[in-house]
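Structure first, then comments.
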Amino acid sequence: MPETTVHYQDYSELKRLIKESGRDYDTQLIEAAYQLAEEAHGDQRRVSGVPYILHPTSVACILVQLGMDTESVVAALLHDVVEDTDITLDEITKKFGSEIAHLVDGVTKLKKIPYSSREVQQAENIRKMLIAMSDDIRVIIIKLADRLHNMRTIECMKEQKRRDKALENMEVYAPIAHRLGIRTVKEEMEDLSLRYLDPVGYKEIEDALSLTRNDREKFIEKIKAEITAKAEKFVKSLYIEGRVKSINGIYRKTFMKGKSLEQIYDIFAVRVIVESLSDCYNVLGIVHDIYTPLPNRFKDYISTPKPNMYQSLHTTVIGKEGIPFEIQIRTWEMHYTAEYGIAAHWKYKLGISKKDNMDQKTQWIRKMLENQSDDETDIISNIKTDLASEEVFIFTPRGDVLNLPMGSTVIDVAYAIHSEVGNRMIGAKVDNKIMPIDHQVRTGEIIEILTSKETAGPKRDWLNKVKSSEARSKIKSWFKKECREENIERGKAETDKVFKHNGIILSDAEREDFLSELMKKSFTTVDDFYASIGYGGILMWKLIPRMKELYNKKYKIQEKADELLSVEIRKPSSKSSSGVIVEGVDDMLINLARCCNPIRGDEIIGYITRGSGVSVHKRSCKNVICNIDNPENAERWVKAHWSCEALKSESYQTTIEITATDRTGLIADLSNALSSMHIYINSFSSSESKNGIASIRFTITVGSMDHLKVIFSRILNVYGVQSVERI
Ligand code: MN
């Protein structure tokens, strides 16, 4: 109960608690940790003015009281030194070993998780994230003790800060304590938080309870005597205590369920603790013999434990004065689990010991976390978080948490935020550093997506870089919608090429008929077919065998067919589509990098990406200059050059920016200049002119560098044009 809480505990108190615990602590190691922490924190003070060292010492005390092991206690003493003092993690590893360093590091990392309570969903995600980030469950328990102690000493903070922390405890930390079955921490944390969230309601219950305290104590004494007198003959040793429900528990029943204090049966409960399982049921019989049980209030949590491992028999009976009260019957072992939950497993070594059965331990925790379907809190019911983790949790710069499948990239993040964010993405910052968009995100990273309205939209190869089906379908639908014309064109060109390559010669009418039969009429028009080839909905090379078979059947005479069937079936070669030859790489997908848009004639270099072929950059591209010297990726860079055919033929898209004195008719003159050279304009944009200078961008289709030079000289001849350059 908060009123009896000791706010700060010092080192002598810690030593006393360790001694009292009767457990086998490594006191020398704890002493060394205390010395280090005390020296490191030096004359740092808490906001209240007390020496800082008292905070970690108090946290260590809480952990001893919970029965946690030496490593946890040492880590608690050191939990703030890495963040707040000059001591490094390396020093801790050297002095205390990697296990303790790992715990300290874990707690330090959890501090970075921002909290915003905009949505209920967020609280749940934060809980999941905390659990996912704590690969050792002791990290969470140390964190809970840290939060609890901060809450005990929050009095001197500003009102707003107290409320924020209280809310965060209610929504995030107390539910975690509940899930881990640590009742002592959960209830104290909730009561302390409630005191700041609803001071009036809290006081009301507190007052009501203190008014009736005397009566209650007398009542419990009487019950104790009655049960003891009857049970002594049958039960070897029993311990009986009376307890009042937590203030938050009563608060929830009175204010939220609209019941009065008198209507709550279990404001106080009598707890009977016995030696053996069979005694539990013996005592139950005796209790039902003395008092009248209320119907439907008996619960056997021994045969079906709560998901957080809680076990007890519960029954509500009516006392001789007509007052109903709850009786809980359990063994000592059940009692420790009820009070300390998962922590009891360190305290009493119930099946969890050291690293060798870490797996067993995590499995047990995982099972517990997964099976949660507690009636009183559905909050946690749908947590599926695997400690081994198939999900990652990342932050947006606003502090929202997103969860994504393991292996997701920055592109997945962008589409998870909004499809428009994905479609306009031009790059990303991960923890404030620019990273490639195929960077695989990790739990805890802060991901900022950089967008621009100027971008031409997602790239086709993003489909190979995303992990989530959400991102994949959003990218596909973009290509489907935004570029129908382009897709049709692309699809038709590809179909032409494949037809030609395979000797399929058809008139337009025959073609429609042929394709509709090929696709078993799954398209209404031929354009639909072309469009889906164009955006990658259908993979052409997969159709080729069927296509040839059908063509031979329908249009071909036999002798020619044999010859055709011998034509090798393969994916369209990467060389022909991009015009680039990458040295030493034969059968790999080749993409022209979006960042620098190399065009024929440029000096180029290839980079073997993870999982999406070779990305070809201009030799002068910023990304090349910045990364080529990185020894980690040294073997990924490969020589590349344009194929002879490419240099001679085919066309290519590029964007040029023209700076010109603004005037009426300028744009018309520019587009006339381009179209008079039969240049295809793919798109065009102009920004508002500043000081009479206009800047206009055309994305055009050109043949080669030489072709572009001709175009440039032609544009420079347009009246008012000052400069033109390729972007
Ligand atoms: Mn702390």
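Taken together, the values in this text are just the output of simple stated rules run on the coordinates, not laboratory data. Just so it is clear, the structure is predicted and the values come from calculations on it, not from any experiment. Positions of Cβ are generated from backbone atoms using ideal geometry, with glycine treated the same way; all protein chains shown enter the neighbour counts.
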Below 18 Å, Cα to Cα, which aspartates and glutamates can Lys236 reach? Residues fewer than 8 away in the same chain don't count.
Glu226, Glu275, Asp279, Glu333
Can you give the local net charge around Ser312? Use residues other than it whose beta-carbon is closer than 11 angstrom to its beta-carbon, Lys and Arg +1, Asp and Glu -1.
+2
If Glu187, Glu445 are placed from fewest to most neighbouring beta carbons inside 10 Å, the sequence is Glu445, Glu187
Binned Cα-Cα distance frequencies in region 1-81 - 10 Å width, integer %:
19, 54, 24, 3
Across Lys222/Lys320; Lys467/Lys622; Lys459/Lys639, pairs whose alpha-carbon gap is larger than 19 Å:
Lys467/Lys622; Lys459/Lys639
Region 609-727 - charge dipole about Cα centre, Lys and Arg +1 at Cβ, Asp and Glu -1, debye rounded to 20
120 debye
Summed over the other residues with a beta carbon less than 12 angstrom from that of Val624, with K and R at +1 and D and E at -1, the charge totals +1
Positive-end residue, region 586-727 charge dipole about Cα centroid, Cβ charges, pick of Thr701, Ile658, Gly613:
Ile658
From the gyration tensor of the Cα coordinates in region 466-561, what semi-axes in whole Å does the equivalent ellipsoid have, largest first, with each one equal to sqrt(5λ)?
28, 14, 11
Greater than 22 Å separation of Cα atoms is the criterion. Which listed pairs, Lys492/Lys542; Lys128/Lys158; Lys112/Lys161, meet it?
Lys128/Lys158
When Arg152, Arg213 are ordered from fewest to most other Cβ atoms inside 10 Å of their Cβ, what list results?
Arg213, Arg152
Please list 284-293, 414-423 highest first by mean number of surrounding beta-carbon atoms within 10 Å per residue.
414-423, 284-293
Just to confirm a number: summing +1 for Lys and Arg and -1 for Asp and Glu over residues other than Ser58 whose beta-carbon lies under 15 angstrom from that of Ser58, what do you get?
0
Distances longer than 20 Å among the Cα atoms of region 592-727: what percent of all pairs is that?
52 percent
Ordering of 459-469, 302-312 by burial proxy (mean other Cβ atoms within 10 Å per residue, highest first):
459-469, 302-312
Give me the percent relative contact order of region 1-95, please, defined on Cα pairs under 8 angstrom at least 6 residues apart.
32 percent
